[in-house]
Amino acid sequence: MLTTLSIITLLPDQRRWGFAQMGTAQQPLRRVAGLKFAKLLGSGATNGFGALPNLRRYGLMAVWESEAAAETFFAQHPLWQQFRERTTAIWTAHLTPIKAHGLWDGVNPFDYASETAAPDEPVLVLTRASIRLLKTPRFWRYVAPVSATIADAPGVRAAIGLGELPIVRQATVSLWNSARQMQDYAYRNEKHKEVIRLTRQEDWYSEEMFARFRVLSTEGVWELRSEK
C-alpha cells in the first residue's frame, strides 16, 4: 500500500472550477481502481491557514492498494489530467506511515504495515480534527494562530492548513527536515503545549487524527517553498 499527498495550485482563472471540484470530484474518485481512501481538501487564504479560503490551492490525500494503482491514476486518469491542465504547480509526496492514531470519518486509513524512520530523516505530519460547533470560537482563537507559526519553526520545509469544510473540519500538514526537529517543536514549544492542554481539557474535537509519515519521494513544486 501507498499514501500520497498532492498540493495543487490552480491558475488564477480556474478558481470557480476548483471550488466546484470539492463537490463534483467526489464521485469520480470513489470509482478509481485501487483507491482505498481519498480526500480532496481546500486551504486557507493566509499561507494555507485561516478561516477564509484560498480558492487556488487544494490538497489531495489518498491511500492506494499499490504503487502501481497510484501511478496509473496520476499518469492516466481524466480527473487528474484536468487538474494538471489547470495548474501552475503540483507537488506530490509518496509516503508510508510511521505512526497513526485516531479516526478520519470513522476509520484509520493509515492503519497498515508501518515503517520506522531515522531521527535525521524527513517526515511529514498530519493533524486533523472535526471541531465541535460550540467550540469553534475557542479553537480559532488558540489553535489557528499557533498552527500558522509552524511554517516558520526550525526544521520545517513547508506547512499548510487544509480542510474538508470551512471552520469545523480542519487539518494541518507539515514537512520537516527530520523527526528530531519535529519532536523538538512538539514537546518544547510552549504555545503548542498549551494548545494541546486546552484541547484535552475543553474537549474541542468530536474526532481527531494524528499521523506521521516517512517521505519516500517527492516531485514537483509546492510553491510555498520548492521541493526536489
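Region 43-96 and region 159-203 have their alpha-carbon centroids 22 Å apart. Partner lysines whose Cα lies under 24 Å from the Cα of LYS99, excluding those fewer than 8 positions away in the same chain, are identified as LYS36, LYS39, LYS191, LYS193. Note that region 150-160 has calculated 3J(HN,Hα) couplings of 4, 4, 9, 6, x, x, 8, 7, 6, 8, 8 Hz, one per residue in order, obtained from phi through the Karplus relation 6.51 cos²θ - 1.76 cosθ + 1.60 (θ = phi - 60°); glycine and proline are x. Charge tally around THR4: other residues with Cβ under 11 Å, Lys/Arg +1 each, Asp/Glu -1 each, net -3.
Looking at region 7-86, the trypsin sites (Lys or Arg not before Pro) that sit in a DSSP loop and have at most 12 other Cβ atoms within 10 Å of their own Cβ are ARG31.
Over region 69-154, the alpha carbon radius of gyration divided by the compact-protein estimate 2.2 N^0.38 Å works out to 1.45.
Distance between the 7 Å Cα→Cβ label points at ARG188 and THR24: 5.0 nm. Using the Cβ of VAL146 as centre and a radius below 14 Å, the other residues enclosed give a net charge of +3, where K and R count +1 and D and E count -1. At R0 = 25 Å, how high is the FRET efficiency between LEU11 and GLN76 if r is their beta carbon distance? Nearest 0.05 is fine. For R0 = 25 Å, the calculated efficiency reads 0.70. Amide H contacts of ALA89: THR9, each under 5 Å away and 5 or more positions distant or on a separate chain (H built 1.01 Å from N in the peptide plane; Pro and chain starts excluded). Solvent exposure of the chain, expressed per residue, is 49 Å² of accessible area, with all protein chains present and a 1.4 angstrom probe. The Cβ shell under 11 Å around ARG128 holds other residues with a net charge of -2, Lys and Arg each +1, Asp and Glu each -1. Among the listed values [x] 51, 35, 35; [y] 46, 39, 33; [z] 57, 43, 29, the one matching Cα extents along the principal axes in Å as calculated from this structure is [y]. Note that region 54-62 has calculated 3J(HN,Hα) couplings of 9, 7, 10, 10, 9, x, 10, 10, 9 Hz, one per residue in order, obtained from phi through the Karplus relation 6.51 cos²θ - 1.76 cosθ + 1.60 (θ = phi - 60°); glycine and proline are x. Of the solvent-accessible surface of the chain, computed with a 1.4 Å probe over protein heavy atoms with every protein chain present, carbon and sulfur atoms account for 52 percent. Computed over the alpha carbons of region 13-107, Rg followed by Dmax gives 14.1, 39 Å. Computed extension length for VAL221-ILE196: 5.8 nm, one decimal, from 0.36 nm per residue of separation with the Cα-Cα distance subtracted. Remark: accessible surface ordering of MET182, MET22 (largest first) is MET22, MET182, probe radius 1.4 Å. Helix 136-149 and the long axis of the chain differ in direction by around 80°, with both axes built from C-alpha atoms. Taking the longest Cα principal axis of the chain as reference, the axis of helix 179-188 is set at about 40 degrees.
The values are calculated or read from the model by the stated rules, or taken from the named source; none is laboratory data. Note that the structure is a prediction, hence the values are computed from the model and not measured. Note: ideal-geometry Cβ built from the backbone for every residue, glycine included; neighbour counts use all protein chains shown. SASA here: full protein model, heavy atoms, side chains in, ligands and nucleic acids out. Shrake-Rupley method; radii C 1.70, N 1.55, O 1.52, S 1.80 Å.
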